[in-house]
Amino acid sequence: MRYLLIFCSLLIANCKEKDSRFEKLSTFNPGQDWLDNRGKHINAHGGGILLHDNTYFWYGEHKIEGKIGNTAQVGVHLYTSTDLYNWRDEGIVLQVDETNSNSDISKGCILERPKVLFNDKTNKFVMWFHLEPKNQNYSSALTGVAISNSPRGPFRFIKSLRPNKGVWPLNVKKFHKKKVPKITKKIYCGGPECMPHHVDSLNILGRDFEIGQMSRDMTLFKDDDGKAYQLYSSEENSTLHISQLSDDYLSHSGTYKRFFQYRFMEAPTIIKKNGKYFIIASGCTGWNPNAARSASADNIFGPWTELGNPCIGENANTTFNSQGTFILKVKNTENYIFMADRWKPSNPIEGKYIWLPLNISDNNSIELEWQEKWDLSIFN
Ligand code: GAL
C-alpha cells in the first residue's frame, strides 16, 4: 500500500511538471509548429471552426507521417479553445471505418475540409466534408454528411452524395438543357490545363445533371436567418456552386446557383460583414500554393463581383505559401481571421497553419497582410 501511495504521488508530480512545461500561448505564429495542451503540433488540417457556448471547436483532417497521410487513415480531429491561442486535444470525432472496406469512409479514403454547423431546430451538430472513396483518387467528387448530438462527437457518418441530382440551378441557361458534347464525357480534370474549352461550351453541368453535380473543395456557411449553404468546387473544379441546405442541414434544398464559371476556384471560404458577403478562394494547382481571389456580394446568390487577390506584400502571389480553409469570426466582435494551410504533401502531418487578420474596410476592400507574430490586440 505504502509503495502504491509513493508511486501515485510521483505520477501526479510528474504530470504537473509536464503541464507546466508548456507555457500558455498569447500570440499567433503563422507557419511555425503550433503546440496543443499536450505539447504536440495541432493535427487539424483543412479545418474549420464552430463557436458554440463560448467555446471554439476546431475540426480538421488528422494526417499521419508519410505520403499515405494524404489519405484518411484516422479521421477528423477536434481541438477546443476559449482564447484561440491555446488548444486542447479532444481526440478523433469522426473515425474512418477500419472494419468495412465497402464503406465510403473506409480507412484510406480521401476525407478533406470537414466543416461543422449547429442546427438550432434539431439541436444536432452536422458535419460536411469532401469525400473520395478509397482507391478512386479524386474521380468521385462526392460530399459526405455526418451527425452528432454533441460538438465533441462522436459523429456518425450518414451518407455520401453528389449534390443536386436532377435539379437545375437558378441560373441555368437554355444550352445546358441541350445535348452534351461527346468530348465532355471523357474529361477528368483537376485544373484549368485540362479544360481547353470553356466549361459552358462543354456543358459539364448538363453532363452531370442526372448523376448529381461534382463536389470537391468545400465549406459551409450559416447565415443570420439560420439558413445554411454549402459552397463547393464543381464542374471539374471549373465553377463554384452555392447550394442552400435543407432546414435540418442534412441535404440540399434544391435551390442553388453557379458562379465564377471557368475561374477554377478552390478552397472556398466565406463571411458576412455588415450585411455584405465576402468570399476568398484559391486557384486550382493541387497542393502547390497560388494567388488567392476574393469577391463580394450583397446577396449570397449574387451577383458576385471579383475583387482580386486580397494578399499584399511579399509572397502575396502564393497566399504566403498557403491555401485558405476558413474565415473565423472572433466572438463578440466584427473581427475576422483568415485560416489557411501550408501543405506538406511529402509528410502531411508536418503541414503548418497560417492564420492572419483579415482587414475589411468600410469601403469594402479586403486585405491580408503577412504577420510574423501577432495577437488579437491587432484589431484594436
Ligand atoms: C487542393 C485542395 C486540397 C486537396 C489537394 C489535392 O487543391 O484544396 O484540399 O484536395 O488539392 O491535390
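The values are calculated or read from the model by the stated rules, or taken from the named source; none is laboratory data. Just so it is clear, the structure is predicted and the values come from calculations on it, not from any experiment. So basically every Cβ, Gly included, is an ideal-geometry build from the backbone, and we count neighbours across all protein chains shown. Each accessible area value is taken on the protein alone, full model and side chains, heavy atoms only, with ligands, DNA and RNA left out. Shrake-Rupley method; radii C 1.70, N 1.55, O 1.52, S 1.80 Å.
Check the straight Cα-Cα distances from Lys344 and name the aspartates and glutamates below 19 Å, setting aside those fewer than 8 residues away within the same chain. Counting by Cα, and skipping residues close in sequence, Lys344 has these aspartates and glutamates nearby: Asp33, Glu61, Glu65, Glu112, Asp217, Glu266. Once all protein chains are placed together, Phe209 keeps about 40 Å² accessible to a 1.4 angstrom probe.
Database remark: amide H of Asn171 closer than 5 angstrom to the amide H of Arg258 (H placed geometrically; neighbours at sequence offset of 5 or more, or on other chains; Pro and chain starts carry no H).
Using θ = phi - 60° in the Karplus curve 6.51 cos²θ - 1.76 cosθ + 1.60, the 3J(HN,Hα) couplings for region 27-32 round to 9, 9, 10, x, x, 9 Hz; x is entered for Gly and Pro. Coupling constants for region 346-359 follow from the phi torsions by the Karplus curve (6.51 cos²θ - 1.76 cosθ + 1.60, θ = phi - 60°), and in residue order they are 6, 8, x, 4, 8, x, 10, 10, 10, 10, 9, x, 9, 9 Hz; glycine and proline get x. Relative to the current alpha-carbon distance between Lys124 and Glu65, full extension at 0.36 nm per residue lengthens the span by 17.9 nm. In order along region 241-256, phi translates into HN-Hα couplings of 9, 10, 10, 6, 8, 5, 4, 8, 6, 9, 9, 8, 7, x, 9, 8 Hz, rounded to whole numbers, per the Karplus curve 6.51 cos²θ - 1.76 cosθ + 1.60 with θ = phi - 60° and x for Gly and Pro. Considering only Trp287, Phe155, Tyr79, and ranking their Cα positions along the charge dipole of the chain that arises from unit charges at the beta-carbon of Lys, Arg, Asp and Glu, the one farthest toward the positive end is Phe155. Peptides 297-309, 93-105 ranked from most to least packed give 93-105, 297-309, packing being the mean of other C-beta atoms within 10 angstrom over each peptide's residues. The residues of the chain expose on average 46 square angstrom of accessible surface per residue, using a 1.4 Å probe on protein heavy atoms.
Summing Cβ point charges (Lys, Arg +1; Asp, Glu -1) relative to the Cα centre of region 224-350 gives a dipole of roughly 200 debye. Averaging the Cα positions of each part gives two centres, and for region 226-276 and region 77-124 these lie 21 Å apart. Carbon and sulfur atoms: what percent of the 1.4 Å accessible area of the chain do they account for? It is 50 percent, rounded to a whole number. Within the set of other residues whose C-beta is less than 14 Å from the C-beta of Arg293, count the net charge using Lys and Arg as +1 and Asp and Glu as -1. Overall, the nearby charge balance is -3. For region 305-357 versus region 152-207, the inter-centroid distance based on Cα atoms is 27 Å. For the chain, the longest principal axis of the C-alpha atoms and the axis of helix 2-21 are separated by about 50°.
FRET efficiency for the pair Lys373 and Asp223, taken as 1/(1 + (r/R0)^6) with r the Cβ-Cβ distance and R0 = 41 Å, rounds to 0.75. For region 244-265, there are no residues whose amide N sits under 17 Å from a probe point set 7 Å from the Cα of Asn317 along the beta carbon direction. Only one residue of Gly91, Pro357, Tyr56 has its Cα farthest out toward the positive end of the dipole of the chain, where Lys and Arg carry +1 and Asp and Glu -1 on Cβ, and that residue is Gly91.
Electrostatic bookkeeping for Ser246 treats Lys and Arg as +1 and Asp and Glu as -1; over the other residues with beta carbon under 12 Å from its beta carbon, the sum is 0.
On full extension, the segment bounded by Tyr85 and Asn380 gains 104.5 nm, given 0.36 nm per residue less the C-alpha separation. Dividing the summed helix terms, -39500 (n - 2.57) for each DSSP H run of n ≥ 4, by the number of residues in the chain produces a 222 nm estimate of -2000 deg cm²/dmol to the nearest 500.
For the residue pairs Lys222/Lys257; Lys107/Lys222; Lys121/Lys165; Lys63/Lys159; Lys115/Lys273; Lys121/Lys159, the C-alpha atoms sit more than 28 angstrom apart in Lys107/Lys222.
Dipole magnitude for the chain: computed about the Cα centre from +1 point charges on Lys and Arg Cβ and -1 point charges on Asp and Glu Cβ, it is near 1120 debye.
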